[in-house]
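> Dropping the structure in here first, questions after.
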Amino acid sequence: MYLKSIELSGFKSFGKKTALVFTSPIASIVGPNGSGKSNVAEAFRFVLGEQSMKSMRSKKGEDLIWGGSPALSRANRAGVKVTFDNSTRLLDMDFSEVTIERSVYRDGLNEYLLNGTQVRLKDVIRLLAGANIGGSGYQIISQGEADRILNASPRERREMLEDALGLKLYQHKKIESERKLEETALNLEKTASLRREIAPHLRFLRSQVEKIERAREQREDLAARLNEYLAREHAWITQEDARISDDEHAHERVLQTCLDAIADARKAGDPDAYNVSDLERSVSEFTVRVADARRERERLARELGRAEGALEANHVTVEAIVAVPHVRGFFRDIEIALADIERATDVNLIRSGVSQLRSSIRSFVDGLENGAPVTNAEARQQVANIQTLLQKAQETEMILSESSEMARQKIARIREQRLAAERDIVQLEANARDAQSKRDAARVARAAIVDLKRRFEDEVREGIALVGAAIHSWERSEIPYGALSEDRSMQEKRRRDIERLKIKIEESGIGNGDAVIKEFKQTKERDEFLEHEIIDLEKSAVSLRGIITDLEKTIDARFHEGLIKINESLALFFHQLFGGGHAMLELERPNTRAHEEDDDNDSYDDADDAVSRESNVDLSVGLSISVALPRKKVRGLEALSGGERALTSIALIFSMSRVNPPPFLILDETDAALDEANSRRYADMIRELGKHSQLIVITHNRATMAAAGELYGITMGQDGVSRLLSVKLEDAQKVAK
Ligand code: ATP
């Protein structure tokens with residue numbers, strides 16, 4: 001006994017709160033027509049989650065709410081609460097009692113409470129399905145719907161059967177899995193589409209990043225090359241600068257020494273310093289004086305000769321002692337004076353001439369009187385005097401000659417010195433020119449080094465702009481091997497290589513690239529995330545297909561098993577009710593056409609089909625009923641009478657309930673069409689069923705009432721409100737047929 005009670009408040013004709021508490025496995029609800037019995041059955045449908053308004057004889061939710069009467073105003077809410085005994089954990093909840101409550105409001109809003117906690121409809125349905133309380137409605141047979149199972153389509157019939165066999169839970173699980181599979185397929189498509197969308201951008205970013213990385217490698221290469229180049233260049237320039245500077249200074253010193261020496265040499269060879277002209281003047285004077293001395297010496301020698309001759313002749317004459325020139329001069333003067341007298345015509349002139357002649361003769365005679373020796377002793381004295389004079393004259397000449405020679409030699413020496421100095425100066429000037437040209441060459445070289453330094457600084461600046469601070473490592477690095485000794489062409493080659501590398505980097509046109517790398521990283525992460533999503537989704541799709549296949553196999557296997565058992569039971573019930581004949585549920589032939597059409601569906605449905613085919617399960621195959629009545633040739637449901645239809649339905653419902661007893665069955669006047677004999681049989685079957693399932697039967701039938709352990713009477717007063725009465729069997733049977 002699972003159903004403990006049901007409480008209706010504001011539901012349909014139950015304008016006031018009414019509770020039915022069940023104490024017997026079989027409860028019968030009795031009462032006059034229109035008193036509200038079927039409303040109780042519908043209250044069960046309602047509270048168990050029925051969504052079809054039609055099956056509750058309504059059009060909309062509002063129709064289920066107490067509509068009001070002159071005596072009792074209308075309600076705003078219809079509520080039904082059912083209480084289950086859950087001590088056997090029929091419902092998958094860890095409570096010994098479970099209440100399910102559903103309310104509907106006039107605005108159509110529905111509310112579900114599970115043990116007082118608000119839940120969703122699907123939570124209720126799932127919970128009930130787990131307890132073999134399904135939604136196909138076969139557990140609640142509404143009034144006039146006893147033969148619903150016969151009227152149902154083969155597919156609906158199959159559903160009822162699956163429901164009865166407790167496969168609903170699997171069906172729910174399968175539907176849930178299919179829904180999840182569909183969602184997965186949708187997500188898969190969405191994710192794949194997102195991945196397709198970002199793919200071109202990712203490709204573009206990847207190529208950009210490759211370029212950036214290449215440029216970075218090139219930049220690193222450039223930094224290394226630049227560092228080596230700059231270290232070498234700096235070492236070389238420093239060395240060259242020092243060397244050229246030393247060179248320049250050395251040549252400068254040599255030049256200065258040469259210039260100083262030239263100045264000294266010039267000073268040494270200066271004619272003023274030695275007063276050569278004074279010397280030359282002395283030489284000229286000496287020459288004149290030597291000549292005078294020589295003449296004096298020669299005159300004395302001649303005079304000596306005459307004096308010696310006269311002495312030797314031992315007589316002294318005027319002629320002998322008068323000097324010939326003196327005589328000749330005298331003679332010439334006389335001649336001239338005489339000639340003048342001879343030519344003169346004027347007496348004065350002749351007189352003057354004679355006077356002149358006289359004076360000349362007087363002066364000649366005076367001369368003779370002064371010089372001429374008178375005696376031989378005088379003559380000898382005269383010779384001795386002349387000899388002394390001659391000797392002196394000779395000495396004077398010699399001294400003068402020697403002095404002259406000395407002056408001349410001095411001049412020659414000075415000239416020689418000057419020549420030597422000139423020669424030295426020429427040599428020194430040559431040396432100075434050489435030193436100067438070397439110094440100038442050093443200066444030119446130094447200017448070239450200054451240019452190189454400037455170029456070096458430019459290269460450092462440019463390097464910083466290209467590779468940043470990494471460039472400074474050249475300052476820390478050791479002087480590279482061979483930097484100071486290698487051929488300069490090596491360094492030039494390095495420089496050219498660096499220039500080529502710079503051009504390459506420039507041509508790549510890639511800047512810093514950090515933003516692109518960041519975007520690439522993010523996009524790649526996103527792509528990888530999507531890729532993993534796709535893998536996960538594919539995995540879960542595979543797993544879901546596996547679950548669906550397993551569920552289908554389980555459903556199929558249990559269905560076939562159950563079908564056999566139901567058919568066995570049906571045969572017995574049918575025989576019991578009809579006293580013979582037989583009825584059987586049969587699987588219809590699979591609809592091959594439907595499969596062909598399905599094959600045209602999209603890939604995921606194809607996959608589903610593949611799963612279905614793989615499991616060799618076709619859950620869409622419907623059920624038909626074949627009936628053969630005893631002693632009648634009629635076959636087929638169409639040929640059955642109303643009662644026969646009801647009996648067949650009852651046989652079917654009961655056999656289904658027998659194979660897998662539901663926790664409860666609600667039968668609303670299912671026995672309405674039965675005659676007395678069949679009513680008894682029906683009551684027997686109710687008793688039998690009541691051993692396995694709790695039964696709530698709404699009936700006007702006495703036999704049925706008699707089968708029930710308790711009776712509930714429903715009446716409706718003038719106020720239109722259904723009421724519950726406790727009824728005794730005898731009272732009830734009185735009004736029953
Ligand atoms: P029968 O024995 O003839 O089958 P019954 O006892 O099953 O009768 P129901 O069909 O359950 O009777 O009850 C029908 C009654 O409920 C009607 O009188 C109808 O007016 C009333 N009813 C239905 N819906 C509402 C509502 N929303 N408000 C008030 N009364 C309602």
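> Go through region 437-456 and count every residue that is without any contact (Cβ under 8 Å) to a residue 24 or more places away in the chain and charged (D, E, K, R).
Count: 4.
> Quick one: is Glu233 acidic (Asp, Glu), under 50 Å from the mean Cα position of the chain (by Cα) and crowded, with 21+ Cβ neighbours inside 10 Å?
yes
> Another question, if that's okay. Quick check on region 285-306: of everything there that is within 13 Å of Leu390 (Cα to Cα) and in contact with a helix residue (DSSP H, G or I) (Cβ under 8 Å, 6 or more places away or on another chain), which residue is most open to solvent (accessible area, probe 1.4 Å)?
Taking the candidates together, the pick is Arg294.
> Name the pairs: first residue in region 712-726 and exposed (fewer than 14 other Cβ atoms within 10 Å of the Cβ), second residue among the basic types (Lys, Arg) and not in a loop (DSSP other than H, G, I, E, B), Cβ to Cβ under 9 Å, at least 6 apart or on different chains?
Gly717/Arg723
> Here's a follow-up. Go through (1) over 20 Å from Gly579 (Cβ atoms); (2) away from the ligand (no atom under 15 Å from the Cβ); (3) among the charged types (D, E, K, R) one by one and return the number of the condition Arg681 breaks.
With respect to (1) over 20 Å from Gly579 (Cβ atoms); (2) away from the ligand (no atom under 15 Å from the Cβ); (3) among the charged types (D, E, K, R), Arg681 is out only on (1).
> For region 504-515, name all the residues that are without any contact (Cβ under 8 Å) to a residue 12 or more places away in the chain and surrounded by 10 or more Cβ atoms within 10 Å (Cβ to Cβ). Walk me through how you get there before you give the answer.
Quick first cut of region 504-515, residues without any contact (Cβ under 8 Å) to a residue 12 or more places away in the chain only: 506-507, 509, 511-512, 514-515.
Hits for region 504-515 are Glu506, Gly511, Asn512.
> When you check Asp241 against the structure, is it surrounded by fewer than 17 Cβ atoms within 10 Å (Cβ to Cβ) and more than 42 Å from the chain's Cα centre (by Cα), yes or no? Give the steps one after another, and end with the answer.
Numbers: surrounded by fewer than 17 Cβ atoms within 10 Å (Cβ to Cβ): yes; more than 42 Å from the chain's Cα centre (by Cα): yes.
Against the criterion (surrounded by fewer than 17 Cβ atoms within 10 Å (Cβ to Cβ) and more than 42 Å from the chain's Cα centre (by Cα)), Asp241 qualifies.
> Take Asp618 and decide whether it is modelled with pLDDT under 90, surrounded by 15 or more Cβ atoms within 10 Å (Cβ to Cβ), charged (D, E, K, R) and part of a helix (DSSP H, G or I).
no
> With respect to Leu585, determine if the residue is surrounded by 15 or more Cβ atoms within 10 Å (Cβ to Cβ) and part of a helix (DSSP H, G or I).
Here the answer is no, as Leu585 does not meet what is asked.
> Something else: Scanning for something β-branched (Val, Ile, Thr), modelled with pLDDT of 85 or more and more than 17 Å from Arg297 (Cβ to Cβ), does region 369-390 turn up at least one residue?
Checked region 369-390: no residue is β-branched (Val, Ile, Thr), modelled with pLDDT of 85 or more and more than 17 Å from Arg297 (Cβ to Cβ).
> Separate question: Can you tell me which residue within region 130-154, out of those that are in contact (Cβ under 8 Å) with a residue 40 or more places away in the chain and over 18 Å from Ser55 (Cβ atoms), is most open to solvent (accessible area, probe 1.4 Å)?
Top of the filtered list is Pro154.
> How many residues are surrounded by fewer than 16 Cβ atoms within 10 Å (Cβ to Cβ), within 26 Å of the chain's Cα centre (by Cα) and among the hydrophobic types (A, V, I, L, M, F, W, C) if we restrict to region 433-473?
Counting residues in region 433-473 that are surrounded by fewer than 16 Cβ atoms within 10 Å (Cβ to Cβ), within 26 Å of the chain's Cα centre (by Cα) and among the hydrophobic types (A, V, I, L, M, F, W, C) gives 3.
> Condition test on Ile535, is it in a helix (DSSP H, G or I) and modelled with pLDDT of 90 or more?
Judged against the criteria, Ile535 is a match.
> Search region 97-126 for residues being charged (D, E, K, R) and either over 17 Å from Arg77 (Cβ atoms) or touching a helix residue (DSSP H, G or I) at 6+ places or on another chain (Cβ under 6 Å) (or both), and hand back the single one that is surrounded by the most Cβ atoms within 10 Å (Cβ to Cβ).
Taking the candidates together, the pick is Arg102.
> Right, here's the next one. Are there any helices (runs of 4 or more DSSP H) wholly within region 121-232 with 3 or more residues that are out of contact with any His (no Cβ under 7 Å at 6 or more places or on another chain) and not hydrophobic (A, V, I, L, M, F, W, C), and if so which?
154-164
> Okay, moving on. Being away from the ligand (no atom under 14 Å from the Cβ), surrounded by fewer than 22 Cβ atoms within 10 Å (Cβ to Cβ) and of a type in the set (Gly, Ala, Ser) is the filter here, so list the residues in region 25-60 that pass it.
Gly49, Ser52
> Residues of region 61-85 being away from the ligand (no atom under 12 Å from the Cβ) and of a type in the set (Asp, Glu), which ones?
Residue satisfying the conditions is Asp85 alone.
> Same structure, new question: Just a yes or no: is a residue in region 535-543 open to solvent by less than 70 Å² (accessible area, probe 1.4 Å), closer than 30 Å to Arg203 by Cβ and not hydrophobic (A, V, I, L, M, F, W, C)?
Within region 535-543, one or more residues are open to solvent by less than 70 Å² (accessible area, probe 1.4 Å), closer than 30 Å to Arg203 by Cβ and not hydrophobic (A, V, I, L, M, F, W, C).
The values are calculated or read from the model by the stated rules, or taken from the named source; none is laboratory data. In this text, all values refer to a predicted model and were calculated from it rather than measured experimentally. Every residue, glycine among them, receives a Cβ derived from its backbone with ideal geometry; neighbour counts consider all protein chains shown. Surface areas here come from the heavy atoms of the whole protein model, side chains and all, with no ligands, DNA or RNA. Shrake-Rupley method; radii C 1.70, N 1.55, O 1.52, S 1.80 Å.
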